[in-house]
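*Asks:* One structure follows; several queries about it will come next.
The values are calculated or read from the model by the stated rules, or taken from the named source; none is laboratory data. Worth saying up front: this structure is predicted, and the values here are computed from it rather than measured. With ideal geometry, Cβ positions are generated from the backbone for all residues, glycine too; neighbour counts draw on all protein chains shown.
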Amino acid sequence: MSLDLLFQPFTIKNLTLPNRLVMAPMTRSFSPGGIPTDEVAAYYRRRAEADVGLIVTEGTVVDRPAARNDENVPIFYGDALPAWKKVVDEVHAAGGHIAPQIWHVGSARGQGADWKPFGKVDSPSGMTAPDKVKFEPMTEEEIADTISAFEKSAGHARELGFDAVEIHGAHGYLIDQFMWDGLNRRDDRWGGKTLSERSRFAIEVIKAVRRGIGEDIPLIMRLSQWKQQDYTVQMAKTPDEMAAWLQPMAEAGVDVFHCSQRRFWEPEFEGSDLNFAGWAKKLTAKPTITVGSVGLDGEFLASLTKGEGAHKSDLNELLRRLEREEFDLVAVGRALLADPQWASKVKAGKFDETVDFDRKHMMNLY
Ligand SMILES: Cc1cc2nc3c(=O)[nH]c(=O)nc-3n(C[C@H](O)[C@H](O)[C@H](O)COP(=O)(O)O)c2cc1C
C-alpha cells in the first residue's frame, strides 16, 4: 500500500497541513518554573524541520493554583508566554504547524513520595481514585474560574499565533475526572448518572476555548476511554453511548477529535474492526486523529519492505485504515520522541534508519 496516503495534505478550517502526521502531546518536564527553555523550542523545531505535519505540544496548564503537578511542566499564561512565542516562531520558521495542549491535572498527583500539591486541588469530588477522598470538591466559583482560565489560555494561543488548540480531555485528568463516574459523584448540575450529564464541564470548557480562539482556529478535543488510574475503564460501552457523549461536544465547537488509545489497531466495540477514532468520525462526521503504538515495533516499519507483515501494528494496517478514511490524521508519540527525523525517514522509505524508542529517550530532549 502506498506511503503517499500519509503524505497527502489535509485542511481543517483555515489550517492546511502538508501531511497526516501529528506529533502526539508528550509531557517532558523540561520547563523549569513552568517556562519553556530555548532547548524546548529547538526540540519542537527539529520535528517541524523533519516532516511532522502538526505538532501538539506537551500538556501546558491554565492559570489555576494547582493546575500542574510538577514544577517543570510548562504553564500557559503570564511569564511563560514570551517563551511560547519563541516556540511558535521556531516551528513556523521551519515551515511547521503547532497547537498547544491546554491542560489541568485535577487531582492527579505528581511523582515522588514527598510530592505536595501547589495549592487547593481542583477536582469534581475530591477523589484521587474511586472512593478515595483526599480533597474538598470544587465549588461553583472554582469551577467558573477554571472555565475562564481555559478561555484565557485559548486567547493567549490565538495572540501568540498558534495554528490550532488542543484541549486535554483524556487520561483521567481534570476534564476527564468530571466525565468519569469513578471520580465524579456530584449531585449538582456538574454531576449526573449519564456520561452526557457529566460532560457538562467539558462542554463548558469547549465553549470557553472557542470564545478564546474565535471561529477560524481549529479546536481539537483529546479524549480517551482509559484512565491513568485504570486502563480498563470504558465510559462509552456502545456506539449509542459514544454518540451521546461526542455529538454534543461537536455541536459545542470541536473541529477534530483526537482519540487516544494505546494500540491503534484495537477495535472499540465488538462486531466491527473500527477503532476509537473510526467510531468518533462515523458518529460525529468530524475529522479524527488516531494514535497508539505507531512506529514502535520493528516489524512495523519492516512490513512495507517485507510485504504483508505478521503483526497488527504494521504500517500496512495503518495505511489500510487511512485509505478507507477510518480517520484523517495519525499521531505519533514515542517514535517521534526517540527520533526527531522519524517522519522524514518514513517519507523517504528509510525504515532501517529510524531510532527505536528506549526509556533513555525520556531523560533528555533529543
Ligand atoms: C513521555 C510521555 C508523555 C506523555 N504526555 C502526554 C500529555 O501531556 N498529554 C497527553 O494527552 N498524552 C500524553 N502522553 C500520551 C501520548 O500522547 C500518546 O497518546 C501515547 O504515548 C501513545 O502514543 P505512542 O504509542 O505513539 O507513544 C504521553 C506519553 C508519553 C510517552
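*Asks:* Name the residues in the stretch 248-273 that are away from the ligand (no atom under 16 Å from the Cβ) and either among the charged types (D, E, K, R) or in contact with an Asp or Glu (Cβ under 6 Å, 6 or more places away or on another chain) (or both), would you?
*Replies:* Once the filter is applied, which keeps residues that are away from the ligand (no atom under 16 Å from the Cβ) and either among the charged types (D, E, K, R) or in contact with an Asp or Glu (Cβ under 6 Å, 6 or more places away or on another chain) (or both), the stretch 248-273 yields Glu251, Asp255, Pro267, Glu270, Asp273.
*Asks:* For the stretch 332-358, enumerate the residues that are near the ligand (Cβ under 10 Å from one of its atoms) and of a type in the set (Lys, Arg).
*Replies:* Passing the criteria: only Arg334.
*Asks:* Let me ask another. Evaluate the following for Gln101: is it surrounded by fewer than 18 Cβ atoms within 10 Å (Cβ to Cβ) and either touching a residue at least 12 places away in the same chain (Cβ under 8 Å) or closer than 15 Å to Ile55 by Cβ (or both)?
*Replies:* Answer is no for this residue.
*Asks:* Do we find a residue being surrounded by fewer than 23 Cβ atoms within 10 Å (Cβ to Cβ), among the small types (Gly, Ala, Ser) and under 16 Å from Leu337 (Cβ atoms) anywhere in the stretch 57-66?
*Replies:* No, there is no match, as no residue in the stretch 57-66 is surrounded by fewer than 23 Cβ atoms within 10 Å (Cβ to Cβ), among the small types (Gly, Ala, Ser) and under 16 Å from Leu337 (Cβ atoms).
*Asks:* Next question. So, Arg158, is that one outside any strand (DSSP E or B), crowded, with 16+ Cβ neighbours inside 10 Å and touching a Gly at 6+ places or on another chain (Cβ under 7 Å) or not?
*Replies:* Here the answer is no, as Arg158 does not meet what is asked.
*Asks:* Moving on. Can you say whether Asp114 is on the phi < 0 side of the Ramachandran plot and within 21 Å of the chain's Cα centre (by Cα), as far as the supplied structure shows? Working first, answer last.
*Replies:* On the way: on the phi < 0 side of the Ramachandran plot: yes; within 21 Å of the chain's Cα centre (by Cα): no.
It is false that Asp114 is on the phi < 0 side of the Ramachandran plot and within 21 Å of the chain's Cα centre (by Cα).
*Asks:* Could you figure out which of (1) farther than 19 Å from Ala149 by Cβ; (2) among the aliphatic types (A, V, I, L, M); (3) buried (at least 24 other Cβ atoms within 10 Å of the Cβ) isn't true of Ala50?
*Replies:* (3)
*Asks:* A further question follows. Restricting to the stretch 14-73, give me the number of residues that are within 15 Å of the ligand (Cβ to nearest atom), part of a strand (DSSP E or B) and not hydrophobic (A, V, I, L, M, F, W, C).
*Replies:* Summing the residues that are within 15 Å of the ligand (Cβ to nearest atom), part of a strand (DSSP E or B) and not hydrophobic (A, V, I, L, M, F, W, C) in the stretch 14-73 gives 4.
*Asks:* So, one more: Is it true that Gly169 is among the small types (Gly, Ala, Ser) and under 17 Å from Gly126 (Cα atoms)?
*Replies:* Spelling it out, it is not the case that Gly169 is among the small types (Gly, Ala, Ser) and under 17 Å from Gly126 (Cα atoms).
*Asks:* For the stretch 177-203, what are the residues that are under 16 Å from Gly106 (Cα atoms) and acidic (Asp, Glu)?
*Replies:* Asp181
*Asks:* Does at least one position in the stretch 80-94 carry a residue that is away from the ligand (no atom under 16 Å from the Cβ) and within 19 Å of the chain's Cα centre (by Cα)?
*Replies:* Scanning the stretch 80-94, I find at least one residue that is away from the ligand (no atom under 16 Å from the Cβ) and within 19 Å of the chain's Cα centre (by Cα), so the answer is yes.
*Asks:* Quick test for you: out of Leu174, Leu183, pick the one residue that is buried (at least 19 other Cβ atoms within 10 Å of the Cβ), within 16 Å of the ligand (Cβ to nearest atom) and touching a residue at least 24 places away in the same chain (Cβ under 8 Å).
*Replies:* Leu174 is the lone residue from the list that is buried (at least 19 other Cβ atoms within 10 Å of the Cβ), within 16 Å of the ligand (Cβ to nearest atom) and touching a residue at least 24 places away in the same chain (Cβ under 8 Å).
*Asks:* Give the stretch 169-208 a look and list any residue that's in a helix (DSSP H, G or I) and closer than 15 Å to Lys227 by Cβ, or say none.
*Replies:* Leu174, Ile175, Asp176, Gln177, Phe178, Met179, Leu195, Arg198, Ala202, listed by residue number.
*Asks:* Name every residue in the stretch 1-41 that is under 15 Å from Thr290 (Cβ atoms) and in contact with a helix residue (DSSP H, G or I) (Cβ under 9 Å, 6 or more places away or on another chain), in order of residue number.
*Replies:* If the condition is that a residue be under 15 Å from Thr290 (Cβ atoms) and in contact with a helix residue (DSSP H, G or I) (Cβ under 9 Å, 6 or more places away or on another chain), then Leu5, Leu6, Asn19, Arg20, Leu21, Met23, Ala24 are the ones that fit.
*Asks:* Also, quick follow-up: Inside the stretch 258-366, counting only helices (runs of 4 or more DSSP H) that do not spill past its ends, which hold 2 or more residues that are farther than 26 Å from Tyr44 by Cα and at pLDDT 95 or above?
*Replies:* 276-284, 315-323
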